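Only one structure is covered here, and it is reproduced in the block below.
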């Protein structure tokens, strides 16, 4: 569509209504045949035998599970990037009528009959194919010759790493497509700028730049690099406009606002909308629920929502609650106690209080229930009307099953000797008094009289005697503690950390004063009736934050590589191996292309430096317009390569060869640029001289 | 590494005394000066001062005439009349240079105040505060000449040691933990030295701003901000690296700025002086902490800009340009490098006794240290069966082959005993060499000695746990491409996966293996992989020791080579060995590798509250230097919040002003000469300082290591200078709108005075943070800090 050359209709004649009666309707179309041919070849190379192999190839095993979850509308969190790319892949599944029933567990597993392999791989392949005409157009818009543009497109067409990456259900080809589209639209827009500002096509290309940028960012965060490059370019171009005295201040302001709208506001809005659709599609609870806060979980259908539905909102004296640690690392867990005591002596010889263990337990259990008690009263039931607990109130926490009080004292914790041990108090009559008063501090309160709310309030428990704060240390206790997580009283609490925050997850108003009855009550499921809904922005903020901060363990993959390996192509990735025939698919660059791209980049750098230094001494080797051309092409192609490549040296995550593909695409575009420059200027001089 | 050690980046300033007076005096008398000032002074309103040499304008406006009278009264066009007490309020917006006596007086005043504020209550508290436990200890190591290892380069600690030595501290205090009382030990010398350097920051910043903005009020404002910032005071009062670093850093900045001002007289004596002083300060900054790199970057960018400018100057021949280039290469690259190397030479020359840092270094290096078990070592020369040995990895900062009773956790390869590389000397590093096919007790004195030969197949038994070194085709814990190495078997009985072929690099079959000298490779017989250390730190379950793997890739790297270090075999005679003496270059390289590895090893632990870079400019949270409870003497490192928030606001303000100015200039708005001068200061001087701030702040966002609040202080210096420059320019600009010069002066003076009073009052409020608090916490109404805990995150 976009790349179909310029189609010009005889529509100019249609200004008169009945014109067709006087003159024949003539439609003339100018079609760039080479461009069409390139597109067709691109499609052929990417789509040919798309279904082969009919087995899970490399990262399809990773993205596939998300496609399945989309089909089943089950919520998930993927820390590898924003959801737009996943959604596009899922769109492929949707078009093919995929029901999501496939177990994505192993590379090389045969697809079952219900998996629409062709449609799943179609979108990435199309995106990869369209990169070929895009490359042609970009060079043409940079004012390079048809020949150079043709060369660029051919190089992209024949780059086997790009072909490999496009033919499977992977995101890189989609990313590269949007990146190139953004660059092309910006160039089109910029070239229209001189003659027809604010015309329809000017607006079209400007808006398309913004849209393509946000799509690129939405597919993978790597898209940010190109977005930044284009923003910088637009900023530079606008800076030149500021210096243009012919433009009035008002029109300058209009230009600025148009750019801000198209390049900043619209991309942000689109980015938000990706999340909106993502959250709208995925409304069922699923395997990743536990990463999210209780409030978020409660907004999903099934899972926690089923349990918490209809709980009383305000925690009152006598409430029976479970307390979940807000941090959720190393795993989500609830404050827990059981009848076992701390060993009198630890392995390293230190002593303990020998009181009842308090831990954080990663599974739902009846021992996770605690009762909020007013220190001044004996009763463990909610009075009528309930007396809500507010910020700053002092409470005691009674363990539901054992009826012991949560306690901490100046005894070193089992694994974190700098912190205090937390226990459920047992009176051994050894002049170690109970210290079981805790002050409730609601951290996310709006006022100092806020009521402690189920799920919503994040609470710190500050020990009244020692000012220690109840904290999850993250360490896992040895055998005597059943490998549950250690809970300590942090004396020197350095600011706020989520490991010190707790929120009420399950909650009901206790009714039974008798211990036996209460046990029955604790074992029974909660049931009541209020529902809470988070606003979209709250959900978005939380999900975005989790995506950015969730870290998978830093493990080295068999085929991971370092950024330096990529230029020299010292690495490859085996994507697939046929179990019997030994047929294989590897991701590997085209050696000739990569080597010449490296040479082109090096040559470009040296030549630019040479010109630059000489120009500084007022020696002009090439005409001014050729210089402008050279700099613009370098800024886009060389700059694109640099911004998509160099940041990887600073990253600590596991890297693969495919991370280099966007960069190498730009680097390949540099080859015809340098070649044409050489032939136009240097070689001509040589021949002439 | 001791966990509480905070790494710190900091910048300090350069050579103090000599430059304090010379520079501007000379400048004023330089020939180019009057012309420049003339341009600056010719203003449409306010007092104008028209130098005699400048061409007289055709018609003078009334205001100018008034100004001229003023000038006449002042007696000299270069030194216009004195309008008011110079220290307090500067005069009218187009304020010319103050009278000759003002500047030295102002400098003397700020220097005095600075020293007074830093040396006040220097002895308090008389116990070890915060990181004094590290740096004081390291100073003692220098005095005792004991070798140690630290992640920072040696200069700062050497200077601390020197200061202690000169002030009569004998190096006997153990500096065990914060809170230990010094008792009779003389610690004031070391603290005084740091306080002295910390005090120099103020005059340095003052001179830098004066040089950049040519405005006394701007310089004074900067100086007041730094003098009365509680954070800067606290950080200067203890035995820490930060004041030293900041001293060199500010020194480099000042010399750079001075040198730029000398650009009109290249190759003059003062030009050379400032240029080489820049180089010296750079070496100093780098030599204290690696964050000194940021100031090197700043100076580097400035130099490139400078050279670019010179290159564009066509009146300068290429030969001259070459001279400029060479001079800079000499002073800013070779000189600092030479000094930097020299300080390492001194470091290694001073520390010649074995100490706690030995294990981090190679066997060859250790043999240089008096008291090390490898110094003048005498061990059995050739390896024999039954010998007890330690094996050290040959990579830079490689560890000893180590094992302990703990198993690999669930899900990490096979659940067998861990084998790691460990940097410290430890009993668990001992292994026994056994034959692969017989388990005869070789320690039996009657059995004959049998030497191990190149190509033999052996079994290595861990002495403490009696398990064999074992490998199999499970993924290694971190390097997934390699195989896992474990300890396997009971009491030495294992399986065929315990067999290793021992090979010496560059030898043939049958030759004997020499302790220390032979570089050995252990090949796993069953899988063909080679024992190596990947250099990656294992997570908590592996006690943060280094991963050991068996690599199937047979690339010859030091990672997969080992040497035998200790060798115990009672049946063999001990022979004295001269281990190959490493060259200085090797030692230098090795120590840097060790430092870099140490630095990257300082990772934050899970669930530990760490300081984030975005906390810093907003003064979100400080550091406890001393004391926790009500009865303790408490010192809390926290910036004066009023000053810090002023700095923060100013950065935003500066950005706005810069954008507005740049756009106005680009749009070709006609500015008065006065505004032109103002815009030059804002864009050029302010830009340089902002660049410094960015360079000292942004990189922290990308650092993976543990960060602390005090890392921000170098950036804070730049931020304070920016505040001085920006507010001065802003007040001048506002005053410029008010035509009667008296009103303008009032606005300008009033604004300036208000800022200074604000700073003074906030210092009065917050000074107990630096000078110590005893008594109830801030939450209690009777505390001196009552009501001042403006943010919940502050802990006082």
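Rule-based calculations on the coordinates, nothing more; no lab input. The shown structure was predicted, so the numbers you read here are calculated from the model rather than taken from an experiment. Glycine also receives a Cβ, built like all others from the backbone with ideal geometry; neighbour counts cover every protein chain displayed.
Sorted by mean Cβ packing within 10 Å, highest first, what order do the peptides A:413-423, A:92-102, A:159-169, A:587-597 take?
Details: A:413-423: 21.5, A:92-102: 16.7, A:159-169: 23.8, A:587-597: 18.6.
Packing proxy ranking, top to bottom: A:159-169, A:413-423, A:587-597, A:92-102.
Inter-chain Cβ neighbour count for A:184-195, averaged per residue, equals 0 (cutoff 10 Å, partner chain atoms only).
Strictly greater than 24 Å: what percent of every Cα pair in the stretch A:530-689 meets that?
55 percent
The stretch A:424-444 and the stretch B:472-500 have Cα centres lying 49 Å from one another.
Averaged over peptide A:239-249, the number of partner chain Cβ atoms lying within 10 Å of each residue's Cβ comes to 2. Over all projection directions, the Cα-based convex hull of the stretch B:376-513 averages an area of 9.8 nm².
One chain, two ends: residue A:602 and residue A:483. Fully extended at 0.36 nm per residue, the span grows by 37.2 nm beyond their Cα-Cα distance.
When shorter helices are ignored and each DSSP H run of at least 4 residues is given -39500 (n - 2.57), the per-residue value for the protein assembly as shown at 222 nm works out to -13500 deg cm²/dmol.
Going from the fewest other Cβ atoms within 10 Å to the most, the residues A:172, A:458, B:381 appear in the order B:381, A:458, A:172.
As a proxy for reagent exposure, A:616, B:459 were ordered by neighbouring Cβ count within 10 angstrom, fewest first; the result is A:616, B:459. Where a ≥ b ≥ c are the square roots of the eigenvalues of the C-alpha gyration tensor, would you call the stretch B:200-282 rounded, which needs a/c under 1.5, or, failing that, prolate if a/b is larger than b/c, or oblate? Oblate. Nearest 10 degrees, 0 to 90: what angle lies between the long axis of helix A:591-616 and the longest principal axis of chain A (Cα atoms)? Computed tilt is about 80 degrees. Taking the centroid of alpha carbons for each part, the stretch A:575-644 and the stretch A:202-244 are 21 Å apart. Note on the protein assembly as shown: Cα-Cα pairs beyond 45 Å make up 56% of the total pair count. The stretch B:95-231 has equivalent-ellipsoid semi-axes of 36, 15, 12 Å, by the square roots of 5 times the alpha carbon gyration tensor eigenvalues, sorted largest first.
Neighbour counts of C-beta atoms inside 10 Å place A:467, A:447 in the sequence A:447, A:467, starting with the fewest. The simple Förster model, with R0 at 30 Å and r as the Cβ-Cβ distance, assigns residue B:660 and residue B:109 a FRET efficiency of 0.30.
Relative protection proxy for B:230-239, B:297-306, from highest mean packing down: B:230-239, B:297-306 (other beta-carbon atoms within 10 angstrom).
What full-extension length gain, to one decimal in nm, is calculated for residue B:186 and residue B:758 as 0.36 nm per residue of separation minus the Cα-Cα distance? Kindly include the intermediate steps, with their values, before the conclusion.
Working: separation 572, 0.36 × 572 = 205.92 nm, distance 3.81 nm.
Difference between extended and current length: 202.1 nm.
Helix A:146-157 axis versus longest C-alpha principal axis of chain A: approximately 40°, rounded to the nearest ten. When peptides A:290-298, B:220-228 are sorted by average Cβ neighbour count within 10 Å, with the highest value leading, the order is B:220-228, A:290-298.
Taking label points 7 Å from Cα along the Cα-to-Cβ direction, residue A:54 and residue A:609 give a separation of 5.6 nm. Looking at the protein assembly as shown alone, DSSP beta bridges between its own residues are antiparallel in about 95 percent of cases. Spin-label model, residue A:31/residue A:570: points 7 Å from Cα along the beta carbon direction are separated by 4.9 nm.
What FRET efficiency, computed as 1/(1 + (r/R0)^6) with R0 = 30 Å and r the Cβ-Cβ distance, is obtained for residue B:346 and residue B:167, rounded to the nearest 0.05?
It comes to 0.95.
Residue by residue along B:478-484, Cβ atoms of other protein chains within 10 Å of the local Cβ number 3 on average. Relative contact order of chain A: 13 percent, from C-alpha pairs under 8 Å at least 6 residues apart in sequence. What is the Cα centroid distance between the stretch A:67-86 and the stretch B:328-360, reported in whole angstrom? When both Cα centres are located, 54 Å separates them.
Over all distinct Cα-Cα pairs of the stretch A:416-471, the Kirkwood formula returns a hydrodynamic radius of 13.3 Å. Using alpha carbons only, the radius of gyration of the stretch B:705-770 set against its Kirkwood radius gives Rg/Rh = 1.16. Here residue B:614 and residue B:592 are evaluated by their C-beta separation; at R0 = 30 Å the FRET efficiency comes out at 0.45. Start at zero, step by 20 Å, and the Cα-Cα distances of chain A spread as 15, 36, 29, 16, 3, 0 percent across the bins. The modelled label-to-label distance between residue B:691 and residue A:652, using points 7 Å beyond Cα along the C-beta direction, is 3.0 nm.
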